[in-house]
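Here the structure is laid out as structure tokens; the discussion comes afterwards.
The values are calculated or read from the model by the stated rules, or taken from the named source; none is laboratory data. Not measured: the values here are computed from a predicted model. So basically every Cβ, Gly included, is an ideal-geometry build from the backbone, and we count neighbours across all protein chains shown. Only protein heavy atoms, including side chains, enter the accessible area calculation; ligands, DNA and RNA are left aside. Shrake-Rupley method; radii C 1.70, N 1.55, O 1.52, S 1.80 Å.
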Amino acid sequence: TNFAAMVIIAVVVFVPLGRFMIQYPDDFWSRASGRLFGDSTVEVKDPATGSVVSRVANTQDRLDALRQNLGYLGTNMQHALLMFNWSGDSAWITGTPDGVPQMDLLTGALFLIGLGVWLVRMIRRRDPADWLIPFGLLVMLLPTALSLAYTIEVPSATRASGEIPFAFALAAFPAALLLTKAWAALQGFAPRVLLSAVIVVALILIASANWSTYFDDAMPNYRLSTLPHRQAGQVLKGFEQSTGAPGNAFMIGYDYWWDHRALAIEADDIHWNNGVERKGYMERIIALIRQNAPTPYAFRPDRQMMFFLNQNDTEVLNGLMKWLPNGSFTRISSFKTDKDFTLLIIPPLG
């Protein structure tokens, strides 16, 4: 009954995602297929010219890539299993430069003990539900282990985040057993106070270790590569609510720079879509203004205009200043000097 209820609830929860999968299969499967089958384009040698050309990968190309990459599955699963105690995620967005294990020393030790204790529990009780815990742990590691075409991305803390409840349940289980037995065995006020003090000290040590890993190791590395989308989003939000309007703000793209969708999310205006490619930006801005005319993002000539620019893009800045004179620009300081950006404000055009 419980299992049937779990399946039914899982299906109900999946319905919206399933609808998206059916309606937009390319978007839904693009990341998974890329990690399993490799890139959607392949380079081949043109027999006529002898030059190397790119073409869209066909079904046979993708299947050949999968067969070639399947040999990495065992190694990937091994790396994924070792992420708790031995070597964790080293990606800048979710890990640390030296791949610190995902669990601190004490929690990791409890996790290993918990695996052994849970195995004994499975054998003794013979309850099928107990087998779901280690099975669930392995299943939730598959999203990272199945990155067969890009093994350098294994392990990934983000893709393996589904195993968090399983892993920490296994780590908590022996701790709970030990503390329950110790509390029952210790009689009197003083011994129990001492046990409570030991627990508090252990929690402080665990918190301190994780604080150091997150704020001292991971965050500085994250800051080296991340971009100030949140800061810019707050600027956009303030502009929309004060002297500007949603349709009067634009972001001019730059190589390896911002994503206008992240800007919209951080501004609490998810439908804002005024990101413009750098090439032919003037024509693109005019086209956007025309396109947005019948929408809530219509351009308002009685309000200020604002442009987000990369701090190094002096060419576009000078072009905009010639196109829309009387504007003023300023460099906005961010958390790191090379992450600063330029803000160009144009008075109402009338």
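Taking the stretch 1-76 and the helices (runs of 4 or more DSSP H) fully enclosed by it, the elements with 1 or more residues that are open to solvent by 100 Å² or more (accessible area, probe 1.4 Å) and closer than 25 Å to Asp89 by Cα are at 25-37, 59-69. Scanning the stretch 128-163 for residues that are surrounded by fewer than 21 Cβ atoms within 10 Å (Cβ to Cβ) and of a type in the set (Asp, Glu) yields Asp130, Glu153.
Residues are listed down the side, and each one gets a yes or a no for (1) open to solvent by less than 50 Å² (accessible area, probe 1.4 Å); (2) among the basic types (Lys, Arg); (3) assigned to a helix (DSSP H, G or I):
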| position | (1), (2), (3) |
| --- | --- |
| Arg303 | no, yes, no |
| Asn318 | no, no, yes |
| Phe329 | no, no, no |
| Ile345 | yes, no, no |
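How many of the residues in the stretch 305-316 are open to solvent by 40 Å² or more (accessible area, probe 1.4 Å) and assigned to a helix (DSSP H, G or I)? So the count comes out to 2. Within the stretch 272-290, being surrounded by fewer than 13 Cβ atoms within 10 Å (Cβ to Cβ) and part of a helix (DSSP H, G or I) holds for Glu283, Ile286, Ala287, Arg290. Quick check on this structure: which one of Thr213, Thr180 is at pLDDT 90 or above, open to solvent by 70 Å² or more (accessible area, probe 1.4 Å) and among the polar types (S, T, N, Q)? Residue meeting the stated conditions: Thr180.
Filtering Ala293, Ala232, Ala245, Ala262 for residues that are surrounded by fewer than 17 Cβ atoms within 10 Å (Cβ to Cβ) and either within 22 Å of Pro347 (Cβ to Cβ) or among the β-branched types (Val, Ile, Thr) (or both) leaves a single hit, Ala293.
Taken over the stretch 331-343, residues that are without any contact (Cβ under 8 Å) to a residue 60 or more places away in the chain and either open to solvent by 70 Å² or more (accessible area, probe 1.4 Å) or assigned to a loop (DSSP other than H, G, I, E, B) (or both) amount to 5.
Leu205 falls short of the stated requirement of being open to solvent by 50 Å² or more (accessible area, probe 1.4 Å), over 29 Å from the mean Cα position of the chain (by Cα) and touching a residue at least 60 places away in the same chain (Cβ under 8 Å). Annotation note: Cβ proximity below 7 Å between a residue of the stretch 287-311 that is basic (Lys, Arg) and a residue that is open to solvent by less than 50 Å² (accessible area, probe 1.4 Å) and assigned to a loop (DSSP other than H, G, I, E, B) (sequence gap 6+ or interchain) occurs for Arg300/Ala245; Arg303/Gly244; Arg303/Ala245.
Out of curiosity, is Pro174 open to solvent by less than 40 Å² (accessible area, probe 1.4 Å), touching a His at 6+ places or on another chain (Cβ under 6 Å) and in contact (Cβ under 8 Å) with a residue 60 or more places away in the chain?
no
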